[in-house]
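**Q** Dumping the structure here so I can ask a few things about it.
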Amino acid sequence: MIGMIALAGIIVRNSILLVDFINLEVARGVPFQEAVIGSSAVRAKPIILTALAALLGALFILDDPIFNGLAISLLFGILVSTLLTLVVIPVLYYAVRRQRLERADG
């Protein structure tokens, strides 16, 4: 349960920052599609660095017999959540927002 809370905090924080960055770019006048692509590229480094820091922290508890399961779930969860944050969140946000923009225009 502790691992799920930690992973949820990391992925939600990264996702919110990514979506906020996209919205800031759109507010600056960048076309929506370019804002999604550019924001994902710009935010990739901080997201990966956050994931690496969490991975390193989980590596230290990997040898502990009591917290071994937590460390394994954190390691794989961080890898998957980082992939989801960098790929799935921008794609879903683009799809949802594009549909809203098309309905507003049409």
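The values are calculated or read from the model by the stated rules, or taken from the named source; none is laboratory data. These numbers come from a predicted model, not from an experiment. Please note: Cβ atoms are built from the backbone with ideal geometry, for glycine as well, and neighbour counts cover all protein chains shown. With ligands, DNA and RNA removed, areas are computed over all heavy atoms of the protein, side chains included. Shrake-Rupley method; radii C 1.70, N 1.55, O 1.52, S 1.80 Å.
**Q** Just give me the residues in the range 73-106 being in contact (Cβ under 8 Å) with a residue 60 or more places away in the chain, open to solvent by 50 Å² or more (accessible area, probe 1.4 Å) and more than 20 Å from Val26 (Cα to Cα), in sequence order.
**A** If the condition is that a residue be in contact (Cβ under 8 Å) with a residue 60 or more places away in the chain, open to solvent by 50 Å² or more (accessible area, probe 1.4 Å) and more than 20 Å from Val26 (Cα to Cα), then Ser73, Leu84 are the ones that fit.
**Q** Additional query: For residues that are of a type in the set (A, V, I, L, M, F, W, C), crowded, with 16+ Cβ neighbours inside 10 Å and more than 13 Å from the chain's Cα centre (by Cα), tally how many sit in the range 1-21.
**A** Of the residues in the range 1-21, 1 are of a type in the set (A, V, I, L, M, F, W, C), crowded, with 16+ Cβ neighbours inside 10 Å and more than 13 Å from the chain's Cα centre (by Cα).
**Q** In the range 14-45, how many residues are free of Cβ contacts under 8 Å to residues at least 24 places away in the same chain and within 30 Å of Ile72 (Cβ to Cβ)?
**A** 2
**Q** Another question about this same structure. Working carefully through the options Leu70, Leu52, find the one that is surrounded by fewer than 16 Cβ atoms within 10 Å (Cβ to Cβ) and farther than 18 Å from Arg100 by Cβ. Can you show your working first?
**A** Values: Leu70 fails: surrounded by fewer than 16 Cβ atoms within 10 Å (Cβ to Cβ).
The match here is Leu52.
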